[in-house]
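The values are calculated or read from the model by the stated rules, or taken from the named source; none is laboratory data. Small disclaimer: the values here were computed from a predicted structure and weren't measured. Please note: Cβ atoms are built from the backbone with ideal geometry, for glycine as well, and neighbour counts cover all protein chains shown.
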């Protein structure tokens, strides 16, 4: 059932004159409704305006962009970083960059649409993908590109990426969509870059949204300086409007708030895990706030008890049903205990 709401869905939503606890969405740190975060954002708007539509190549250039990009590169552990107006645009830019070089591209199962261009498809199984890549590397001098998502709740990717170790990564350029990891996983929320760099791929580029882990409308691309500079020379980068400078400035100014919200989120995750009697009914990752399941009756039961979760068909009505409990930093201990108590009673 689709519910229409008039306010941002944080820990609660009000719809059809009813109030529900809400355990869904992707606002993992709950920054979008945090009063201190909002105050910093509002003050940044007063300095930089509500929007900045000029090209990053224009003759007037705001210094905040390079300041934030240097900050992010240091935070991520990459040589370079650029920002864009959305994570989807960041993924499309990277995909187009490699396709323009006529590079052979492979896509792991369930790779997000942001990394796809026309006529590209995901492999259906990891074994099929591994065999295809190894056969290509053995019979070609070309170094292919492999696109994957960092977060898959089936556990095949983060945190171990075990299947990648069956591929000759020294011949592979890895492109990772870290939209659901950046700001949440890794040291201090730095994402998947550092972890994947230890696997020693030929090249590594990580891109994604900053909306999930940082609460702002923006995207990023992190990687080696050479590729980052070449991406900045593309027509697509020059033609695209940047993220709002106020959002960029808020990232740096809110560092302490973001770190505290991440600490609270991890506490909430641990509370949920310790209070659930039967964790086997969920697919989940270490220290990650999403818990997927398949029992539609559980979703209906929670809804009948005034709790809404992520519950919709994706990417269209004929697609798979996504059932997922999502914790965020704004949930109270009382919220989580009510949720776990209901789940345990249902089970």
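Here is a yes/no grid of residues against (1) assigned to a loop (DSSP other than H, G, I, E, B); (2) within 23 Å of residue 251 (Cα to Cα); (3) touching a strand residue (DSSP E or B) at 6+ places or on another chain (Cβ under 9 Å):
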{"site": "22", "(1), (2), (3)": "no, no, yes"}
{"site": "40", "(1), (2), (3)": "no, yes, no"}
{"site": "54", "(1), (2), (3)": "yes, yes, no"}
{"site": "64", "(1), (2), (3)": "no, yes, no"}
{"site": "72", "(1), (2), (3)": "no, yes, yes"}
{"site": "83", "(1), (2), (3)": "no, yes, yes"}
{"site": "91", "(1), (2), (3)": "no, yes, yes"}
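For residues that are free of Cβ contacts under 8 Å to residues at least 60 places away in the same chain, surrounded by fewer than 22 Cβ atoms within 10 Å (Cβ to Cβ) and under 21 Å from residue 116 (Cα atoms), tally how many sit in segment 173-188.
So the count comes out to 0.
Of 85, 110, which residue is at pLDDT 95 or above, surrounded by 13 or more Cβ atoms within 10 Å (Cβ to Cβ) and out of contact with any helix residue (DSSP H, G or I) (no Cβ under 7 Å at 6 or more places or on another chain)?
85
If a residue has to be closer than 19 Å to residue 322 by Cβ and over 25 Å from the mean Cα position of the chain (by Cα) to count, how many in segment 1-16 make the cut?
Selection size over segment 1-16: 1.
Counting only residues that are in contact (Cβ under 8 Å) with a residue 12 or more places away in the chain and not in a loop (DSSP other than H, G, I, E, B), which one in segment 271-285 is nearest to residue 344 (Cα to Cα)?
Of segment 271-285, the ones in contact (Cβ under 8 Å) with a residue 12 or more places away in the chain are 271-272, 275-278, 281-285.
Pick out the ones that are also not in a loop (DSSP other than H, G, I, E, B) and you get 271-272, 275, 281, 283.
Values: 271: 14, 272: 11, 275: 9, 281: 11, 283: 16 Å.
Checked segment 271-285; the qualifying residue nearest to residue 344 (Cα to Cα) is 275.
Among 223, 191, 211, which is in the same structural domain as residue 122 (by TED's automatic domain parsing), touching a residue at least 60 places away in the same chain (Cβ under 8 Å) and closer than 22 Å to residue 36 by Cβ?
Going through 223, 191, 211 in turn, the sole match is 211.
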